[in-house]
Amino acid sequence: MTKFISTEEAVRLIPDGAAVGVGGFCGFGAPDSLLIEMGRQYARCGHPGGLTIVTPASAGDGNEDGWGLSALRGEGQIRALYSSVVKLPPAINRAVNENRIAGYFLPLGLFGQLFRAAAGGEPGVLTHVGLGTFCDPRQEACLMNDLARNSGAEVVRLMPIDGKDYLFYPVIPIEVALIRGTYADEDGNISREREAVLSEETELAGAVHNRGGIVIAEVEQIVKRGTLDPRKVAIHKRCVDYVVLSKPGEHPHTYTVPEYRPELVGEIKVPLTNVAPMKMGLRKVVARRAAMELRKGALVNLGLGISDGISVVANEEGVADQFTMTIETGLIGGVPLTGLDLGIGIDPEARYRMADIFDLYNGGGLDQAFLSGAEIDRFGNVNVSRFNGKVAGPGGFINIAQNAPRVCFSGIFTAGKEQDIRVEDGRLNIVRDGDIVKYVRQVDQITFSGKYAAETGKEVLFISERCVMKLTGEGLMVTEIAPGVDLKRHILDKMEFEPLISPSLKLMDARIFKDEPMGLVLKEEM
């Protein structure tokens, strides 16, 4: 039977050196009361320490002493990290980069599949996801730093079947699961109706329970037995060993607004007129040009960075209802939020569990993907996972980019603090360009393989404020340039390789650079 205990008692159940699965996704959904107590006990008595943390998307709010995994920042408390992204807990990110925590980074969509495999008694997951990227054993085999490379751990192996290459990811053994729910009844059934994201808690609980581990659920309220709607029970009491009631103030709805926001879970609808239009500037220019690639009726994924502004542009232009937006957290429809709230949105049509949305993605359900890129090279490879020597992780990028037939990578052409580029009189005025080159001869790490894209017949565009390029069999080709831009001085001289130039090179649509609405009409063809 499920036992109800305090957070202090629950943390004392976690042995040193344990592999601990932690729920949540980036800016929300972590079992924060449990994590905070783990940090307190480690600071006080050195236990539990030497942990291997397995978490799909490391939770945090960007602050050193903030939420999520930041609570486990004590030196030596985490020994190894299996995740897809580690940008938001700064101390954990730093420890991975400084080889104090071994970093094993997999595509986000693999975690739900691996948890399901563990629950089903299977040895692992066989998939095409990750081929040609840093996950491929012919490259870096998901080993993100020297500590991981020297550990001898095998995270993935190449497995040819009938003349075709696949990747096999073995199950990650987990001894303790820390999950979060909304309510627990007196029997230990867990519901999750007020959670902003339906992350892989159900799959994680099944994986750990079925392999003899301990499942600890943190909830915000305990209710009378028999009062939970069975349609809302996400985790049955049989898969829950212990329940803890979160402490006051330690169970925020999101890390930006701790109070419950019913519009984020579809409980109420709010007028989309409340979504403010983007201010005119480089981000809006890029988002507008990318939005011109939207197709009517398409199922679309919008990624991090400038791409998350595409939905705002579409709403401003009155065409947001002509395509269906999705995010890898399971949000379908509505308007996604940005910044630390990325992954949730207003007025969703549906909320899938994360494990289910990745099944849709991996199987080819997406029509288009709009993503960002930190580095792009002459082969059309894109890097978002490790650049400037710093580990960030791929998140859901690999699952999305590898499986969508049409992919647009969007971003400012160069980077740098001293950059001064203005949108004036319907044209670009590059007063001072960025000193950081993004279009490099060879990316530091391959998160998207141009070679794999070409072999699988993808349509790939690279969109910036000053030009549009497409991926061809011979490399990148410049097809459009912005008004006010000099091809040689502002494009070719700011690249480490020479792209092809389209014989029908044209100016980007002038409407993109003007403050008034564009009158955007989506493409008809699919």
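The values are calculated or read from the model by the stated rules, or taken from the named source; none is laboratory data. A quick note: this is a predicted structure, and the numbers were derived from the prediction, not measured. Backbone-built Cβ (ideal geometry, glycine too); neighbour counts: all protein chains shown. Heads up: the accessible areas ignore ligands, DNA and RNA and are worked out on the full protein's heavy atoms, side chains in. Shrake-Rupley method; radii C 1.70, N 1.55, O 1.52, S 1.80 Å.
Annotations
- Identification of strands (runs of 3 or more DSSP E) wholly contained in region 452-511 with 1 or more residues that are within 30 Å of Asp165 (Cα to Cα) yields 459-463, 467-472, 475-481.
- Every pair of residues 6+ apart whose Cβ atoms lie under 6 Å, when the first sits in region 439-457 and is in contact (Cβ under 8 Å) with a residue 60 or more places away in the chain and closer than 19 Å to Glu140 by Cα while the second is among the β-branched types (Val, Ile, Thr) and in a loop (DSSP other than H, G, I, E, B): Ile446/Thr133; Thr447/Thr133; Thr447/Val384; Ser449/Thr133
- Pick from region 418-433, criterion under 30 Å from the mean Cα position of the chain (by Cα) and at pLDDT below 95, ranking: surrounded by the most Cβ atoms within 10 Å (Cβ to Cβ): Gln419
- Region 450-478: number of residues that are farther than 26 Å from Leu131 by Cβ and either of a type in the set (Ser, Thr, Tyr) or exposed (fewer than 15 other Cβ atoms within 10 Å of the Cβ) (or both): 1
- Exactly one residue among Ile481, Ile446 is among the β-branched types (Val, Ile, Thr), surrounded by 15 or more Cβ atoms within 10 Å (Cβ to Cβ) and within 25 Å of Lys279 (Cα to Cα), and that residue is Ile481.
- Of the criteria (1) touching a Gly at 6+ places or on another chain (Cβ under 9 Å); (2) open to solvent by less than 10 Å² (accessible area, probe 1.4 Å); (3) more than 22 Å from Arg192 (Cα to Cα), which one Ala57 fails: (3)
- Hits in region 489-526 - residues which are hydrophobic (A, V, I, L, M, F, W, C), open to solvent by 90 Å² or more (accessible area, probe 1.4 Å) and at pLDDT 95 or above: Leu507, Val521
- Scan region 71-94 for residues that are buried (at least 24 other Cβ atoms within 10 Å of the Cβ), without any contact (Cβ under 8 Å) to a residue 40 or more places away in the chain and small (Gly, Ala, Ser) and the total you get is 1.
- Unique residue being assigned to a loop (DSSP other than H, G, I, E, B), touching an Asp or Glu at 6+ places or on another chain (Cβ under 8 Å) and not β-branched (Val, Ile, Thr) when the list is Gly188, Gly212, Gly226: Gly226
- Residues within region 383-417 that are in a strand (DSSP E or B), out of contact with any helix residue (DSSP H, G or I) (no Cβ under 7 Å at 6 or more places or on another chain) and crowded, with 16+ Cβ neighbours inside 10 Å, tallied: 5
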